[in-house]
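Working notes, structure below.
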Amino acid sequence: MREDLRIDWTIPATPSGWEGGLERFMGPGKSRVELAVEVWGGVVTAGLLGLLIWGAPEREAWSWLQTVVVVLVGFDLVGGVLTNATNAAKRWYHRDANSRGRLAFVASHLLHLLAVGFLVLGQDWRWSLINAGLLFVGAVLVERIPAEGKRPVAMAAFMVALVVNLSLFPLPPALAWIPPLFFLKLLVGHLVPEAPLYRRGAPHV
């Protein structure tokens, strides 16, 4: 017996004010399953990252500003990976063919690269510049290629970025999670359009 699933692009109405703005930022019409995965997946992952960072010897040399930057980037990337994987976010950010909004969202994350490179890695402009280039090239390729190629291109760009970081710019254990989560959130999560919402129908034998 198989359950029929129907794809629905209908965007539900959102309230006015900050609540509606938050819904539109994260994707209107999020299901209880999606919300539960975001909350509990975020709590578990953030907790594990916290233990990793707390136990890393290099953390003792950080200033309070460096610690704040790492914590904020961590929360944003963990939450962002999960949010951008939801059907609600896919439906909202891919509601039209215009790529400017999606690319602007990606471009806003250059601040992450600058903050980590210059404030945490001691003005390592090469790390920031190379990763900005990897992000820009990967994002443009995903947006330009036909729909059937977007997911594999995003995966290829993600793997290239990961290998470049591991081989040319290896980070200490307390920071090694930044490149994979960063590119996973943006290239694989945010830019790849997928089925926006599954509505379950009657079981099919």
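In table form, for the structure just shown:
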| item | result |
| --- | --- |
| Residue among VAL37, VAL81, VAL69 that alone is surrounded by 12 or more Cβ atoms within 10 Å (Cβ to Cβ), β-branched (Val, Ile, Thr), modelled with pLDDT under 95 and at negative phi | VAL37 |
| Unique match (being over 30 Å from ALA147 (Cα atoms) and either part of a helix (DSSP H, G or I) or touching a strand residue (DSSP E or B) at 6+ places or on another chain (Cβ under 9 Å) (or both)) among ALA36, ALA46 | ALA46 |
| Residue that is surrounded by the most Cβ atoms within 10 Å (Cβ to Cβ), among those in the stretch 94-132 that are among the charged types (D, E, K, R) and in contact with a helix residue (DSSP H, G or I) (Cβ under 7 Å, 6 or more places away or on another chain) | ARG102 |
| Unmet requirement for GLY189, which otherwise passes all of (1) small (Gly, Ala, Ser); (2) in contact with a helix residue (DSSP H, G or I) (Cβ under 8 Å, 6 or more places away or on another chain); (3) outside any helix (DSSP H, G or I) | (3) |
| The stretch 142-167, residues that are at pLDDT 95 or above and either touching a Pro at 6+ places or on another chain (Cβ under 6 Å) or more than 20 Å from LEU103 (Cβ to Cβ) (or both) | MET159, LEU162, VAL163, VAL164, ASN165, LEU166, SER167 |
| LEU141 vs. criteria in a helix (DSSP H, G or I) and touching a residue at least 24 places away in the same chain (Cβ under 8 Å) | no |
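Residues checked against (1) of a type in the set (Lys, Arg); (2) in a helix (DSSP H, G or I); (3) in contact with a Lys or Arg (Cβ under 7 Å, 6 or more places away or on another chain):
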position: VAL70; (1), (2), (3): no, yes, no
position: GLY74; (1), (2), (3): no, yes, no
position: LEU77; (1), (2), (3): no, yes, yes
position: ARG102; (1), (2), (3): yes, yes, no
position: GLY122; (1), (2), (3): no, no, no
position: ARG126; (1), (2), (3): yes, yes, no
position: ASN131; (1), (2), (3): no, yes, no
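The values are calculated or read from the model by the stated rules, or taken from the named source; none is laboratory data. Predicted model, so just to flag it, every value in this text is computed and none were measured. Reconstructed Cβ throughout: ideal geometry from the backbone, glycine too, with neighbour counts over all protein chains shown.
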